[in-house]
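K.L.:
Structure below; questions to follow.
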Amino acid sequence: MSSMYRQLIVDRYKAPLFKGKLDNADIHFHDANPLCGDEIEVFVRLDDEGKIKEAKFDGTGCAISQASVDLLLEGIEGMTPDEVMGLDADFIKEMLNIPLTPVRLKCALLGLKVLQAGILIHKKKQEAGES
């Protein structure tokens, strides 16, 4: 594993760029990994074209879960929710570029899981005519 990628994870864990909360978020969801206690809450605002304009997260947990969600939110800016729904474990593994055990992979995927669950809830509300 490259020390550059290890350092990136440590840096994003200690000083995340996308940590915070957004009032009036279009997409909002919170979940946790009950096995390790990691928690992530995501907030997303969409622009007039339905693309991701701004995203933030709040939560606690290990360096992998927190750095992974921070990097994920950086990578989705400008995407549509449908594009985000197409992201998978391979996207996260490539983004982190470090070997992950199955347990650590669950930590790394928590942010994507939370984000995609929030998108599904948002879509259901839109289909039901709610804002």
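K.L.:
Collect the residues in the stretch 68-88 that are outside any loop (DSSP other than H, G, I, E, B), farther than 13 Å from L109 by Cβ and under 12 Å from the mean Cα position of the chain (by Cα), keeping them in residue-number order.
P.N.:
D70, L73, E74, G75, I76, V84, M85 - these are the residues of the stretch 68-88 that are outside any loop (DSSP other than H, G, I, E, B), farther than 13 Å from L109 by Cβ and under 12 Å from the mean Cα position of the chain (by Cα).
K.L.:
Filter the stretch 89-131 down to residues that are part of a helix (DSSP H, G or I) and free of Cβ contacts under 8 Å to residues at least 60 places away in the same chain, then give me how many there are.
P.N.:
20
K.L.:
Which of the residues that make up the stretch 38-54 are in a strand (DSSP E or B) and either closer than 18 Å to S68 by Cα or within 13 Å of the chain's Cα centre (by Cα) (or both)?
P.N.:
E39, I40, E41, V42, F43, V44, I52, E54 - these are the residues of the stretch 38-54 that are in a strand (DSSP E or B) and either closer than 18 Å to S68 by Cα or within 13 Å of the chain's Cα centre (by Cα) (or both).
K.L.:
Working only within the stretch 32-54, note down all residues that are closer than 21 Å to Q126 by Cβ, in contact (Cβ under 8 Å) with a residue 40 or more places away in the chain and out of contact with any Phe, Trp or Tyr (no Cβ under 7 Å at 6 or more places or on another chain).
P.N.:
Passing the criteria: only V44.
K.L.:
A further question on this structure: Tally the residues that are at pLDDT 95 or above and either hydroxyl-bearing (S, T, Y) or part of a loop (DSSP other than H, G, I, E, B) (or both), restricting the search to the stretch 25-37.
P.N.:
2
K.L.:
What number goes with the only condition from (1) more than 18 Å from K113 (Cα to Cα); (2) without any contact (Cβ under 8 Å) to a residue 40 or more places away in the chain; (3) under 13 Å from the mean Cα position of the chain (by Cα) that L17 does not pass?
P.N.:
(2)
Residue by residue, here is whether (1) under 21 Å from D31 (Cα atoms); (2) surrounded by fewer than 14 Cβ atoms within 10 Å (Cβ to Cβ); (3) among the charged types (D, E, K, R) holds:
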position	(1), (2), (3)
L71	yes, no, no
N97	no, yes, no
A108	yes, no, no
K113	yes, no, yes
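K.L.:
For the subset of the stretch 1-24 comprising residues that are assigned to a loop (DSSP other than H, G, I, E, B) and among the hydrophobic types (A, V, I, L, M, F, W, C), which member is surrounded by the most Cβ atoms within 10 Å (Cβ to Cβ)? Write out each step before concluding.
P.N.:
Kept after step one, since they are assigned to a loop (DSSP other than H, G, I, E, B), are these residues of the stretch 1-24: 1-2, 15-18, 20-24.
Filter once more, keeping what is among the hydrophobic types (A, V, I, L, M, F, W, C): 1, 15, 17-18, 22.
Working: M1: 10, A15: 9, L17: 12, F18: 21, L22: 18.
For the stretch 1-24, the residue satisfying everything is F18.
The values are calculated or read from the model by the stated rules, or taken from the named source; none is laboratory data. The structure presented is a predicted model; accordingly, all values stated were derived computationally and were not measured. Glycine also receives a Cβ, built like all others from the backbone with ideal geometry; neighbour counts cover every protein chain displayed.
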